[in-house]
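The structure appears below as structure tokens.
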Amino acid sequence: MGLMMVQVTKVRKYRQAKVIPISQDGSQVPRKRTLAVCFPEQVFSEVDVGTVWEVRGDIEPQTFTVNDWEHTEDLLVAESAKFLRLSGDVLAFYLAQKVEGVGPVIASRVARTEGIEKIIVEQDIERLCQIKGVDSQRAYSLIRCWPDSAVMEAIEWVQSVKMSPHIGRRMIDIFGPQAIATVRQSPFVLLALGAPWPNTLALAESLGFGSDSPETLCAIVERAAANLTRDTGD
């Protein structure tokens, strides 16, 4: 069973995506055949062009026909898939794919710009336009399409506590930039976002909410009531 870091180049049906293997420095790892990944169902909603994942699974050949042309590629059936934060050359690839008018050369310059995260957050158009090849239109596009650092942080955090990355995005959608702080104070709010009970309970315990804490007892009662309503229809 192999472990590799990949960047998505095309999202397909059936939880599959075409990918390129990349090294720790973001450079592409050459392969004889194209590579696709079949992602676990619980993470596929976050799979998008340019995103980077650490995947683990067995690789097997798959053959399909397009316009009477038979093509064989490698398919990694991922038992696990971890979302990774974009940076360096990996970030440049993402920008080149996502931002209209920004090709690989400009994207690389942008990604290497010192303090680029702060420039984006402050929406400093003047500073962006000082990067060779970036005009005002590209600057606005970069700001609009820049990967949300708060979302990335939330996704990384929920993965560290063994939860699906889509829970991290939902946290940001509902609680905004203070999502992680909010959940640390009230971990059982994750249940309303679709988090599994065992994972939420384990997280709460790791944050100091014991089995006899008011928050835990309240969550247990609410869960029992919800299960009773579901089972009886009352």
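The values are calculated or read from the model by the stated rules, or taken from the named source; none is laboratory data. Only a predicted model underlies this, so the values are computations on that prediction, with no experimental measurement involved. Virtual Cβ from ideal backbone geometry, glycine too; neighbours counted across all protein chains shown.
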> Mind checking whether some residue in region 138-149 is assigned to a loop (DSSP other than H, G, I, E, B) and among the small types (Gly, Ala, Ser)?
Replying inline: no
> What number of residues within region 133-178 satisfy the criterion of being of a type in the set (Gly, Ala, Ser), free of Cβ contacts under 8 Å to residues at least 12 places away in the same chain and outside the structural domain of Leu193 (by TED's automatic domain parsing)?
Replying inline: 1
> Got at least one residue in region 112-124 being among the small types (Gly, Ala, Ser), assigned to a helix (DSSP H, G or I), over 21 Å from the mean Cα position of the chain (by Cα) and not assigned by TED's automatic domain parsing to the domain that holds Asp173?
Replying inline: no
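In region 45-64, what residues are without any contact (Cβ under 8 Å) to a residue 40 or more places away in the chain and closer than 18 Å to Val11 by Cα?
Result: Val47, Gln62, Thr63, Phe64.
Taking the options Arg31, Arg15, name whichever one is modelled with pLDDT of 90 or more and either in the same structural domain as Arg169 (by TED's automatic domain parsing) or of a type outside the set (Gly, Ala, Ser) (or both).
Criteria check complete, one pass: Arg15.
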>> Exactly one condition in (1) under 30 Å from Gly101 (Cα atoms); (2) touching an Asp or Glu at 6+ places or on another chain (Cβ under 8 Å) is false for Ser186; which is it?
In response: (1)
>> Restricting to region 170-193, and then to whatever is of a type in the set (Val, Ile, Thr) and over 25 Å from Phe39 (Cα atoms), can you tell me which residue is surrounded by the fewest Cβ atoms within 10 Å (Cβ to Cβ)?
In response: Ile174
> Does Ile167 qualify as being surrounded by 15 or more Cβ atoms within 10 Å (Cβ to Cβ) and under 25 Å from Thr51 (Cα atoms)?
Replying inline: yes
> Taking region 56-96 as the search range and keeping residues that are surrounded by 11 or more Cβ atoms within 10 Å (Cβ to Cβ) and at pLDDT below 80, which one is nearest to the chain's Cα centre (by Cα)?
Replying inline: Arg85
>> Looking at region 37-44, can you tell me whether even one residue there is surrounded by fewer than 19 Cβ atoms within 10 Å (Cβ to Cβ), under 23 Å from Pro104 (Cα atoms) and touching a residue at least 24 places away in the same chain (Cβ under 8 Å)?
In response: no
> For region 178-225, which residues satisfy the criterion of being farther than 20 Å from Gly168 by Cα and among the basic types (Lys, Arg)?
Replying inline: Arg223
